[in-house]
Amino acid sequence: MNGIPMEQGLLLSAMLFVLGLIGVLVRRNLIMMLMSLEVVLNATGLAFVVAGSRWGDADGQIMFLLILTLAAAEVGVGLGLTLQVFRRFHTLDADSLNEMKG
Amino acid sequence: MSMNPFFALAPFVVIAGTAVAVMLGIALKRNFGPAFAMAACGIIASLLTLRMPWRDSPIQAGLLIWLDDYALFYMALLLSAGLAVLGLCYDYFKDREGQHEELPLLLLTALLGALVLVGSSHFASFFIGLELLGISLFALIGYPLNQARSLEAALKYLILSGMSSAFLLMGMALIYAQCGELYFSGIGRYIAGQQDINVTVLSGTLLIVAGLAFKLSLAPFHWWTPDVYEGAPAPITAFIATVSKSAVFVLLLRYFISSGSYSYAPLLNVFSVIAGLSIVGGNLLALLQNNVKRLLAYSSIAHMGYLLVALIAGGSIVVETFAFYLPAYCMTTIGAFGVVSVLSTAQTEADDMACYRGLFWRRPWLAATFTLMLLSLAGIPLTVGFIGKFYILTGASGSRLWGLLLAVIIGSGLGLYYYLRIVVAMSMHGETTATVKPFGRDRASTAILAVLTLLVVWLGVYPSLLMNVIHSITYVIE
Amino acid sequence: MDMIGLLGWIPLFPLLGFLILALAGERLSKSAIAWVGVGSVAVSALLAGLVGSEFLTGTLQPYHLALGTWIEIDELSIAFGFYLDALSVTMLFVVTGIGFLIHLYAAEFMASDPVLPPFAIPCRPRVPWELQRPLDRSETQRSSKNTELNANASAFDLGYARFFAYMNLFMAAMLVLVLSDNLLLLYLGWEGVGLGSYLLIGFWYENPHNGYAARKAFVMTRVGDTALLIGLLLLFRQLHSFDIQLLMLRATAHWPAGTLMPVAAAALLLGGALGKSAQLPLQTWLPDAMAGPTPVSALIHAATMVTAGVYLIARTHDVFLLAPPVQFAVATLGAMTLLMAGCSALVQTDIKRILAYSTISQIGYMFLALGVGAWSEAMFHLLTHAVFKALLFLAAGAVILCCHHEHSIFKMGGLRKSMPLAFWSFMIGSAALSALPFTSGFYSKHEILSAVYQVSPNLWAMGCLGALITGIYSFRPVFVVFFGVQSHLVTKSPGWRMNLPLLLLIVLTLFGGLLRLPLDSVFPLVFKVDRQPNLVSLITGAAPFFGVSIAGLFYLSGAFSAQRLAAYRLLNPLRNLFFSGWGIDALYDALFVQPFKALAKFNKHDVIDDLYTMTALIGQWLHLTVSASQTGRIRWYASSMALGAALILAIGRQS
Amino acid sequence: MTLTLFYLTSAVAVFATVMMITRLNAVHGLLYLILSLLSVGVLFFLLGAHFAAVLEVIIYAGAIMVLFVFVIMMLNQGQTTIDRERAWLQPAIWIGPSLLALLLFGEMAVVILFGGSAETGSVVTAKQLGMVLYGPYLLAVELASMLLLAGLVGAYHLGKPALKSGARS
């Protein structure tokens, strides 16, 4: 099992990263934003696994595990907040959340 | 390592244990007072257990935590700040509708995250500490569910924080891919072994900087700051402004020194740009701001910029500067937000400038405290803020950073204007929109504000008290 | 027992007294205020006595009490502490001893003062001629004000606490000034006494004249203070320390005599001393400072604060030894001041202004002594002068109080019988002031003049002429006020708290000359005073007698008449010149105030203001521009962050 | 063989992600996201990170995505939402973020390619991973549990029905 060059793996993770980023920047639906955020986080996890695979030690996967934990917790809290927002404003439009500015 | 790492980790264990205990307490019976009391006891116990590792420091506790005097000093600072915030929270929430027992629990986990950050010597603890802090903060910011602004603030913070974490992780992954090391010191060895600047490691570090700059609300990653400061409950704002930022800055400095990133000149250029933008931008944004919490938010952007100047200056003085400036900044900021918190009621958050009109005539002591805190933030002599700024100017002039020095001076001038605007508003006669709470109801907050006032003046007049402690930790991180 | 360690506590008690009175003064009863105000200084004086006696009976080794390090940043480390040697012991005794007596005196003086401010007494007499009748209008004005203010009793109680709070603050600052081991702490005390002086001159602030006088004193001394500040920063910059002893050592080691550095440093220090000690050309504030209550004049503007300049020069004498031109300037300025102020004192009608000019003149003697290198002689004169001038002021205060706030000597008269203690006090004080034998002033002034003669006979001649004038002006009020026809009916007599200080000060004035302070341990021994009678000492000793005789001829026996002298029109301009303090005020008015006013008028639409307005507008505009970026939208924030990350990556790559 | 699989899976992952961020219907987006996650899981397997691959499928694609499903169900996103999404997602809105992302990707690509080439594929077995995880990284595990606790409590609190009174706006 070898043959995947590390830089190509990293390039893929970078590509997923920026795709997720585009999602965060473009989508106004809060749920879609959160999903895009998951993509971004997952991309960084991929980068760690790629790097770990290069060095052949477990650190990369452990970092991925931690990222997974974060993603789970963040999604939990994020969705909780989204629910509250929907209950209160009856919309999921991120741009409507601009009462505070200036 | 002469000591069982378990004992060395006692401060962390105590905080985590208290958090679990509070949770179990909630499960048995919801009780507002006891939950807070338990959390307070936990923090105090953790402060006491700091003595255990102190004797044998530095200790490598497990793989992830490196406890030296530097870390222990800031742990003490963060725990004290956390205790103060807890006290403010108690008074702030005690008369409000709803269930507030989760608040001390979340505060404890956030504090635990900050402590881990400070003791961190490894990317894993770096990241997990940061996220532990962040996740707890999302919930804390949005804690008052019935307030639209809190929700908005929490959601903004969550999404932007997620993005910044992603940048941070990407940076770490790039560095890991290049060095195969997650230890700060291992990265330092790698960098030292390289002939010239390694672009991948440099870019990774830059991405980490971008992630941390978000937490530190440095321009151009500062956007969330005013909105979150405004939306969060005042004591939580104090927590974000002090504990969260101090912990991240402490970590940044440690990472910088132990990974040898000072040898990367481009990094310092980037920092100079960020610092300049933060100082000028923060102060300009604060200039005509009428919302006191937003004003303090913008001013905190500038303050972080000042501290970054000290980081850029480097040299032997940087650890000293941090060790003085951060405590000074913490006590002043908690004091300022403490006043906001005391003035806030269940109906209105006291963040409009109009709430402060004529405060001197209604609550003279409170107004005097606020004035003192603002003067300290502005860096007026005889307050602790002045000595802090003095450190920064000393460092900057020592390293001949004339441009940044100029920015600091201009920024301080602008700062004086908007801080004094509040003081002027407080001394004006006239009607106010704020409801007047009777004096003496908020005993915990009053005590905390009194202690902070005393400290700000005392350390401002006689800074040696703190400096002596600082000198003992400066040798540690080389 | 090791008493000397108590040194650090000495300034603490007045400071504590100040804090108590400032914070709780309104709630304390009058007697409690007096206990706190006087008691704190009494404890201080007691401690000073213990510390001083232990020091003087010991080996006279300087005692250094380190109080701690104030600040320690990088290479900058400022430690502070107290330093006790014979010089500071002298000052310590003067400040606490006389300070205590005056506080005691003030406890009664201020309490028995039936009104808040003496409204009708202008601090600058509007009637420059002693023989003109006073306007009756002022009398009626005063009485109407009196009744008005008597009703307002609570305001008065506040004044009592306020007075002692200020006085205690002054004491604390003055003690810090004299005990400090480094220039920075000394400067803190220096500014502290300036503040105390300002507050106390303007104590009766309801009268705008008093406020004017206070401001004038503040601004005039500020000129000197600025010079001092520059001087001490120069010393720090060049010699890298604020510690006085270290500075003196390094200065002597590193700087050759007469070079630019020591001359500049000494000149700047001298500037500070001139301002605080009211010497030419910064002397004009002191006569106006008499607007404050009489105990204030006695303590601050005669016995202690104004001698701070003398102390400063004595303390840093090593620098002055390295700067001969500056030393010469000290002597010359001192000599000129003593003559000019003496002439002015000749023609004043306000009893306190006479004393004020005499103070300037006597400090002139001290400067003269410092200038010729007679350090210990100067300090000795400082000591004796503090005692007898305090005595004179307190006696004058008693007279003023018993004559219902009358200041003009020509409206008093014949008080010898009705106020015997005041009379004897004033008599003995004046004798010491004019250096008649067997008084302390005789010894000290004689020493100064004989030392001066050894350096410069010309200066000595000026000093002798000054001594002659001193004799005239010091006995003129004695003869006018206490002899002749009694003008006032003295209804009340001072109580023990006013009499006791007078008695003690009389004793000290008579026998203070026998004191011998071991100042030789501090200063290089320069002069051997020749005690053999010769022509010089004969002239020196005789000059005051001539002066007293002349005063007697004019004002006691009536052999010559002042009125007749007044008839000579030719003399009028000279008299007016003297009266106005040589017209220096007018000169400054023409030189500084008027041009400034003209400039201000010319620049009514301030050019500088435009600059500020512009800055404000630019700031405002920038604020609005930047604020617009804070849109409140998450996606905008996120985009900016991503852009930021891209930018810092780019910057990092580029550089 | 591995390389071909890698390219293929990568293509699927990128395609799925692009589809996900462009879907109007959240559930469709979610399905594409799951596809993307699954393909990343396959990549993990190819990279020799077997344990991570399993976790990716079970926890990421399984557990976490279920959360999304629940919330989407609760919010009952119907046709109106899709119409609104269509109105929001004007083609012009994509330009700015895409350019920005392109810039960032370009920079990262340069950085990554600068780092030089290296082989991957050393297998780290679940046992190795477990030894390290419960050895030196034990503290990280504990802290991760605290993180989940905080997330749990936070989500619980934020999920509570809001109080009616005391609104500030």
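Computed over the range A:6-89, relative contact order equals 27 percent, with contacts defined as Cα pairs under 8 Å that lie 6+ residues apart.
Measuring r between the beta carbons of B:A368 and C:S29 and using R0 = 25 Å, the FRET efficiency lands at 0.40. Mind checking the angle between helix C:535-551 and chain C's longest principal axis? C-alpha axes, 0 to 90 degrees, to the nearest 10. The two axes meet at around 80 degrees. Relative to the dominant Cα principal axis of chain A, helix A:30-55 is inclined by about 10°. Rounded to the nearest 20, the size of the Cβ-charge dipole of the range D:2-168 about its Cα centre is 600 debye, with Lys and Arg at +1 and Asp and Glu at -1. Working from label points 7 Å from Cα in the Cα-to-Cβ sense, the C:L56 to C:S493 distance is 3.3 nm.
If r is the Cβ-Cβ distance from B:F32 to D:A63 and R0 is 41 Å, what FRET efficiency results, to the nearest 0.05?
Working: r = 34 Å, r/R0 = 0.82.
Calculated transfer efficiency: 0.75.
Once both labels are positioned 7 Å from their Cα atoms along Cα-to-Cβ, the gap between C:S418 and D:L138 label points is 9.9 nm.
Rounded to two decimal places and with Rh computed the Kirkwood way over Cα pairs, what is Rg over Rh for chain C?
On the way: Rg = 27.6 Å, Rh = 26.5 Å.
Radius of gyration over Kirkwood radius for chain C works out to 1.04.
Taking 0.36 nm per residue of separation and subtracting the Cα-Cα distance, full extension of the segment from D:S122 to D:A87 would add 7.8 nm. For chain A, with all protein chains present and a 1.4 Å probe, just round the carbon and sulfur fraction of the accessible area to a whole percent. Here it works out to 55 percent. Accessible area buried by the pairing of B and D, both sides summed with a 1.4 Å probe, works out to roughly 3300 Å². For chain C, a crude dipole built from +1 on the beta carbon of Lys and Arg and -1 on the beta carbon of Asp and Glu, taken about the Cα centre, is about 1480 debye to the nearest 20.
If you take the accessible area of C alone, add that of B alone, and subtract the area of the pair, what total do you get in Å², probe 1.4 Å, to the nearest 100?
On the way: alone 28680 and 17870 Å², together 43220 Å².
Approximately 3300 Å², summed over both chains.
Where does the range B:277-478 land on the Kirkwood hydrodynamic radius, alpha-carbon pairs, in angstrom? It would help to have the intermediate numbers written out before the result.
Working: mean 1/r = 0.0575 Å⁻¹.
Result for the range B:277-478 stands at 17.4 Å.
Sorted from greatest to least, the principal axis extents spanned by the alpha carbons of the range A:6-89 come out as 50, 24, 8 Å.
Normalised by residue count, chain B yields a Cα convex hull volume of 126 Å³ per residue.
Ignoring the sites themselves, chain C has its longest run without GluC sites (Glu not before Pro) in a DSSP loop having at most 15 other Cβ atoms within 10 Å at C:207-655. Altogether, the Stokes-Einstein calculation at 25 °C and 0.890 mPa s, with the Kirkwood radius of the range B:74-142 over Cα pairs as Rh, returns a diffusion coefficient of 195 µm²/s.
Does anything in the range B:201-238 have its amide N under 11 Å from the 7 Å Cα→Cβ label point of A:S96, and if so which residues? What the label zone holds, given the 11 Å backbone N cut-off, is no residue at all.
Keeping the other protein chains in place, figure out the carbon and sulfur percent of the accessible area of the range B:277-478, with a 1.4 Å probe. Each step should come with its number before you reach the end.
Values: 4990 of 7070 Å².
On the range B:277-478, the fraction of accessible area on carbon and sulfur atoms equals 71 percent.
Excluding ligands, DNA and RNA and using a 1.4 Å probe, chains A and D jointly bury around 7200 Å² of accessible surface, summed across both partners. Computed from label points 7 Å out along Cα-Cβ, the spacing between B:I410 and B:M428 is 2.9 nm.
On a 0 to 90° scale, report how tilted helix A:6-26 is relative to the longest principal axis of chain A, with both axes built from alpha carbons and the result rounded to the nearest 10. Approximately 0 degrees, to the nearest ten. Annotation for the range D:84-169: chymotrypsin sites (Phe, Trp or Tyr not before Pro) lying in DSSP loop with at most 16 further Cβ atoms inside 10 Å of their Cβ are D:Y134. When the convex hull of its Cα atoms is viewed from all sides, the protein assembly as shown shows a mean projected area of 58.9 nm². Here is how the number arises for the protein assembly as shown: DSSP H runs of 4 or more residues each give -39500 (n - 2.57), the sum is divided by the residue count, and the result at 222 nm is -23500 deg cm²/dmol.
Quick check: at a probe of 1.4 Å, how many percent of the accessible area of chain D sits on carbon and sulfur atoms? All intermediate terms of the calculation are to be shown ahead of the outcome.
Values: 6050 of 8000 Å².
Its accessible area is 76 percent carbon and sulfur atoms.
What are the membrane-span-like helices in chain B by this rule: whole DSSP H runs, Cα extent along the axis at least 30 Å, mean Kyte-Doolittle hydropathy at least 0.0? If you can, show how the numbers build up before the last one.
On the way: long enough: B:69-93 (35 Å, 1.37); B:148-179 (46 Å, 1.11); B:265-286 (31 Å, 1.70); B:292-313 (31 Å, 1.33); B:318-343 (37 Å, 1.53); B:402-427 (37 Å, 1.61).
Once both thresholds are applied, what remains is B:69-93, B:148-179, B:265-286, B:292-313, B:318-343, B:402-427.
Shown here for the range C:578-630: trypsin sites (Lys or Arg not before Pro) in loop regions (DSSP other than H, G, I, E, B) with at most 13 other Cβ atoms within 10 Å, namely C:K604. Within chain D, the selection of entire DSSP H helices by a Cα span of 20 Å or greater along the long axis and an average Kyte-Doolittle value of at least 1.6 returns D:2-22, D:26-46, D:95-114, D:138-159. A 1.4 Å probe run over the protein chains yields, for the range B:277-478, 35 Å² of accessible area per residue, whole-number rounding.
Sparsely packed loop sites in the range B:1-108 (the GluC sites (Glu not before Pro) outside DSSP H, G, I, E and B with at most 16 other Cβ atoms within 10 Å) comprise B:E97. Checked against a 21 Å cut-off, the cross-linked pairs C:K276/C:K352; B:K156/B:K389; B:K156/B:K215; C:K216/C:K597; A:K101/B:K389 give Cα-Cα distances beyond that limit for B:K156/B:K389; A:K101/B:K389.
Rg of the Cα atoms in the range D:2-168, relative to 2.2 N^0.38 Å, amounts to 1.33.
Which FRET efficiency value, to the nearest 0.05, is calculated for B:S397 and D:M131 with the Förster distance at 60 angstrom and r the Cβ-Cβ distance? Present the calculation step by step, with values, prior to reporting the outcome.
Numbers: r = 53 Å, r/R0 = 0.88.
In this case the efficiency is close to 0.70.
The values are calculated or read from the model by the stated rules, or taken from the named source; none is laboratory data. Since the structure is predicted, the reported quantities are computational estimates derived from the model, not experimental observations. Quick reminder, even Gly has a Cβ in these numbers, built from the backbone with ideal geometry, and neighbours come from all protein chains shown. With ligands, DNA and RNA removed, areas are computed over all heavy atoms of the protein, side chains included. Shrake-Rupley method; radii C 1.70, N 1.55, O 1.52, S 1.80 Å.
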